[in-house]
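These notes concern the structure reproduced below.
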C-alpha cells in the first residue's frame, strides 16, 4: 500500500495513495459487533451464539485488546446485567451444553468453559452515562431465578472433570476454584454475611465435584493443582464448613513419589508462609527439595532411566500446556550425583529433540559446582554439535556464571 507524498510536491500517478483493501478476514472480524445487536431478537439468539462460537473458538487473538472479538462478545452475553433479560443467560448455557457434545470442542484456542464462567458469577455489573459522568454499578445476582443456570453449569463442569484429557480437567478445575470465592464488594457495594452464606450450599457442591475427581484419579498433575488451590481455603477461609471440606479433600491426596517429583519440577509448594519470613520459607522449600532429590536418586541409579523418567514428566506438562521451570530440582540433582547428571547430559546431547534439552543449563550449573572438568566436557560436546537449542541453553547458563567458570565457558562459545 502506498503512502501519501509530500503535498508540496507534484504527485505522479504511480505514487498516488490507494485506499486500504479489505479481505475476508476483515469481514469476519466485523461480524461479532453486528451479531451482538441481533441476539436480542430471541428468535435469532441460539443461531447467533453458534456463529459467534465458530468465529471465536479458533481466533488466536487475545480477547482483552479486541472488543469485537467473538469470544468477548459471547462472554458479555453470558454475563449477568441489571438491564439484561435472564432468558439470554439461559440460551447461552444451552448453547454451551450443545458445544460440549462436539468431539473436537476442546481442540480450539478458546474453551466453551470461558463462556460458562460468567454464568457462575455472584454479582452483576452495569454501566451507564449520566451527563458528563460514566456510572458503574454492581449488584448481587438474583439468586433463585439464576439457580437453574448454575445447576446446569455445574453438571457440565462435573462431566468435564471426567474427561480423559488432563488439560480439560485442569480447565474445569479452574472454573470450580473460581466459584469458591465469595461475592465481591465492587464499586462500593456492601456484601453482607447473609449474602455470603447463601452461596455456601452451591460452593459445597463444587467441592464435592472436586472430591469425586480426586478420589477417582491418580494423576499427580491433577492432585497438585487441587492441593495448590485448596490449601488456602483450608487455612484462611472464614467459612468454617468450606474450610473443613477443603482440608479433608487435601488430606485424601496421597503423598506419593510421583506427587513429590511432579511438585518439585512444577515448583508447587505450600505458598502460605504462615509466620515465616522469606529466608525461612526458602530454607524450608530447599529442605523439601533436597529430600525429593534424595528419594529420586534412591530409585534411579543410572542416567538412562533417570533421563527417560524426567523426559516423560516434562512431556506430560507440555501436553497439558503447562510451562514448568525445573531449575532448582535439576541443579540439586547434579550437585547430589554428578555421575547421573553427566549421563543425563550426554543423553540430552544425543537426543536433542527431547523435552529436557531446553533445561540442560540447570544440570550444568550443578556440575560446575561439583566437577568443573565434567561440565566443560559437556559444554565442549554441545558446542561441537552445533545444535541451536543446546547451544542456547549453555549460553543462557553462562550469563549467570562468573570467574574462571564463566571465562572458560565463554571462550568455548
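The values are calculated or read from the model by the stated rules, or taken from the named source; none is laboratory data. Nothing here was measured: the structure is a model prediction, and the numbers come from that model. Cβ coordinates were reconstructed from backbone atoms using ideal geometry, including for glycine residues, and neighbour counts include every protein chain displayed.
What the table shows:
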{"quantity": "Selection status of residue 321, in contact (Cβ under 8 Å) with a residue 60 or more places away in the chain, surrounded by fewer than 18 Cβ atoms within 10 Å (Cβ to Cβ) and under 29 Å from residue 205 (Cα atoms)", "calculated": "yes"}
{"quantity": "All positions within segment 211-222 that are in a helix (DSSP H, G or I) and surrounded by 15 or more Cβ atoms within 10 Å (Cβ to Cβ)", "calculated": "211, 213, 214, 220, 221, 222"}
{"quantity": "Test set (1) under 30 Å from residue 325 (Cβ atoms); (2) touching a helix residue (DSSP H, G or I) at 6+ places or on another chain (Cβ under 8 Å); (3) buried (at least 16 other Cβ atoms within 10 Å of the Cβ) - residue 232 fails condition number", "calculated": "(2)"}
{"quantity": "Tally of residues being surrounded by fewer than 15 Cβ atoms within 10 Å (Cβ to Cβ) and either part of a helix (DSSP H, G or I) or in contact with a strand residue (DSSP E or B) (Cβ under 8 Å, 6 or more places away or on another chain) (or both) across segment 99-114", "calculated": "1"}
{"quantity": "Qualifying residue in segment 151-173 (condition: without any contact (Cβ under 8 Å) to a residue 12 or more places away in the chain, part of a helix (DSSP H, G or I) and either within 23 Å of the chain's Cα centre (by Cα) or at positive phi (or both))", "calculated": "yes"}
{"quantity": "From the options 340, 292, residue that is surrounded by 12 or more Cβ atoms within 10 Å (Cβ to Cβ), touching a residue at least 24 places away in the same chain (Cβ under 8 Å) and under 25 Å from residue 231 (Cα atoms)", "calculated": "292"}
{"quantity": "Check on residue 264, over 20 Å from residue 325 (Cα atoms), at pLDDT 90 or above and assigned to a helix (DSSP H, G or I)", "calculated": "no"}
{"quantity": "Scope segment 301-344; condition more than 20 Å from the chain's Cα centre (by Cα) and outside any helix (DSSP H, G or I); matching residues", "calculated": "301, 302, 337"}
{"quantity": "Qualifying positions in segment 119-133 - free of Cβ contacts under 8 Å to residues at least 40 places away in the same chain and assigned to a strand (DSSP E or B)", "calculated": "127, 128, 129, 130, 133"}
{"quantity": "Residues of segment 354-396 that turn out to be part of a loop (DSSP other than H, G, I, E, B) and in contact (Cβ under 8 Å) with a residue 12 or more places away in the chain, as a count", "calculated": "5"}
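Residue-wise test of (1) in a helix (DSSP H, G or I); (2) closer than 22 Å to residue 104 by Cα.
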| position | (1), (2) |
| --- | --- |
| 27 | yes, no |
| 55 | yes, yes |
| 65 | no, no |
| 68 | no, no |
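Rundown of residues vs (1) surrounded by 14 or more Cβ atoms within 10 Å (Cβ to Cβ); (2) part of a helix (DSSP H, G or I); (3) touching a helix residue (DSSP H, G or I) at 6+ places or on another chain (Cβ under 8 Å); (4) touching a residue at least 60 places away in the same chain (Cβ under 8 Å), yes/no style:
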site: 183; (1), (2), (3), (4): yes, no, yes, yes
site: 195; (1), (2), (3), (4): yes, yes, no, no
site: 209; (1), (2), (3), (4): yes, yes, yes, no
site: 224; (1), (2), (3), (4): yes, yes, yes, no
site: 227; (1), (2), (3), (4): yes, yes, yes, no
